[in-house]
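Read-outs: derived from the displayed coordinates by stated rules, not from any lab. The structure presented is a predicted model; accordingly, all values stated were derived computationally and were not measured. Reconstructed Cβ throughout: ideal geometry from the backbone, glycine too, with neighbour counts over all protein chains shown.
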Amino acid sequence: MTPAQQYLTHVTRGTERWDLIAWRYYGDPTNFNPIIMANPAVPIVPVLDAGIVLAIPVLAASETATTGLPPWATASTTQTQSQAAS
């Protein structure tokens, strides 16, 4: 049995992009697919309009990229994810 998916809420500001949102929440700009999949009603466009409410899936630490990051970025990313999940 898998636990229910948890989500954070993000309201877009003008000029935000999927990759920038993925970077903000996951520390990996290429990991935007979970966000897109969680928001099927939002069009996949290069730049999002302001005021769109997005569901940001909370991912397990192993689902986010930490390979190749310096030690201080890895610790910060892991701590941020832990705080986001709380």
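Close amide H pairs (under 5 Å, H built 1.01 Å from N) link residue 7 with 58, residues at least 5 positions away or on another chain. When 28, 19 are arranged by Cβ crowding within 10 Å, least crowded first, meaning fewest neighbours, the order is 19, 28. Backbone phi angles across region 32-38, fed through the Karplus curve with coefficients 6.51, -1.76 and 1.60 (θ = phi - 60°), yield HN-Hα couplings of 8, 4, x, 6, 4, 5, 7 Hz in residue order; Gly and Pro are listed as x.
Within the set of other residues whose C-beta is less than 14 Å from the C-beta of residue 49, count the net charge using Lys and Arg as +1 and Asp and Glu as -1.
+1
Among 23, 18, sorting on how many other beta-carbon atoms sit within 10 Å of each Cβ, with the fewest leading, yields 23, 18.
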